[in-house]
Amino acid sequence: MTKREYLVAFLGGFHGRTYGSISLTASKAKYHEGFGPLLPGIYHAPFGHVADLRWFDEVLFDKLVPAREVAAIIVEPIQGEGGYVIPEDGFLEGLREICDRHGILFVADEIQSGAGRTGRMWAVDHWGVRPDIVLTAKGIASGMPLGALVARAELLEAWGPGAHGSTYGGNPLACAAALETIALLETGLVENAEVRGHQALAGLAPLRSRFPEIVRDVRGKGLMIGIELDTREHADAVQWAAFQRGLLVLEAGRSVVRMSPALTVSSDEIETALRLFSEAVAEVASAA
Ligand SMILES: Cc1ncc(COP(=O)(O)O)c(C=O)c1O
């Protein structure tokens with residue numbers, strides 16, 4: 001059997017404790033700064049459009065590495081650090097098909113998009129795609145330090161006992177927080193993310209027509225919402241103007257401001273956020 005030595009990753013973050021986020025992420029060069037040499041055998045693929053999938057047959061498997069030597073394709077179903085980028089319908093399904101055709105593992109990095117954030121337990125659920133491996137962290141334990149790799153038993157049992165250890169693995173306090181978080185997700189928080197997400201997107205959408213000179217796009221699923229500005233300077237200025245009003249948002253990608261509130265957020269809190277954010281955008285637009 002051929003040894004599979006290569007990984008394919010998409011622009012965006014990756015779960016460090018598992019494969020080395022520094023080695024894999026391509027969202028920003030600064031995340032690599034001072035960390036070389038990085039893990040070899042990683043190819044970065046174009047993300048998001050169904051037409052991009054041609055790259056696998058035409059470039060990767062034809063010119064760079066035989067398909068039978070590729071171990072895994074790792075993808076954020078919705079990109080986080082890359083700028084809250086939602087793939088076209090059919091993209092993840094097409095990737096799954098490529099993996100099935102060549103016996104490659106489909107790894108979903110759900111560290112930002114998972115644990116209910118997008119109004120589904122996992123972002124891949126929006127497209128009905130089943131990964132072989134799911135990576136989760138961040139929201140899975142409500143902020144307690146926990147990362148987990150979830151995979152079919154046959155994959156994990158192939159590792160012998162002790163093959164994957166870490167100082168903090170299985171930390172009881174973090175695991176208890178995760179169990180409680182999962183119970184809350186399953187009894188209302190995933191649904192709340194979907195409903196409040198619709199409310200937020202409906203409230204943010206008019207910003208495009210109100211401030212067409214600086215607002216380029218408003219997009220999201222559930223409570224993973226990105227507002228794309230025309231320039232990084234304007235994205236930074238909106239972030240700062242929102243901060244001064246008591247609203248915490250964070251830039252991502254080239255010029256996107258992300259809104260990613262707690263899944264417990266209420267309708268009134270969303271209304272307050274919409275008001276403060278609109279004021280912040282208006283302030284930046286008036287100075288532009
Ligand atoms: C999608 C994604 N994957 C992985 C990571 C890195 O996770 P960790 O800090 O657990 O290594 C991040 C961090 O922001 C992320 O957004």
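Computed values, structure above
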read-out	value
Net charge dipole size for the chain [Lys, Arg +1 and Asp, Glu -1 on Cβ; Debye, nearest 20]	320
Considering only segment 93-245, percent of DSSP beta bridges that pair antiparallel, nearest 5	75
Segment 6-170 - share of DSSP beta bridges that are antiparallel (%, nearest 5)	25
Antiparallel bridges, percent of DSSP beta bridges restricted to the chain (to nearest 5)	55
For segment 39-57 versus segment 193-231, the gap between their alpha-carbon centres in whole angstrom	28
Residue among 197, 265, 242 farthest towards the positive dipole end of segment 188-287, charges placed on Cβ	197
Rounded to whole Å, sorted largest first: equivalent-ellipsoid semi-axes of the chain, Cα gyration tensor	33, 23, 17
Compactness of segment 6-170 - radius of gyration and Dmax, Cα, Å	15.4, 44
Check: segment 6-170 dipole with +1 on Lys, Arg Cβ and -1 on Asp, Glu Cβ, in debye	440
Kyte-Doolittle mean at least 0.5, axial Cα span of 15 Å or more - DSSP H helices of the chain	172-184
Ordering of 72-82, 98-108 by packing [mean C-beta count within 10 Å, highest first]	72-82, 98-108
Those GluC sites (Glu not before Pro) in segment 203-288 that DSSP places in a loop and that have at most 10 other beta carbons within 10 Å	213
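The numbers here are math on the coordinates, done by the rules we state, and not lab data. Computed from a predicted structure; not experimentally measured. Quick reminder, even Gly has a Cβ in these numbers, built from the backbone with ideal geometry, and neighbours come from all protein chains shown.
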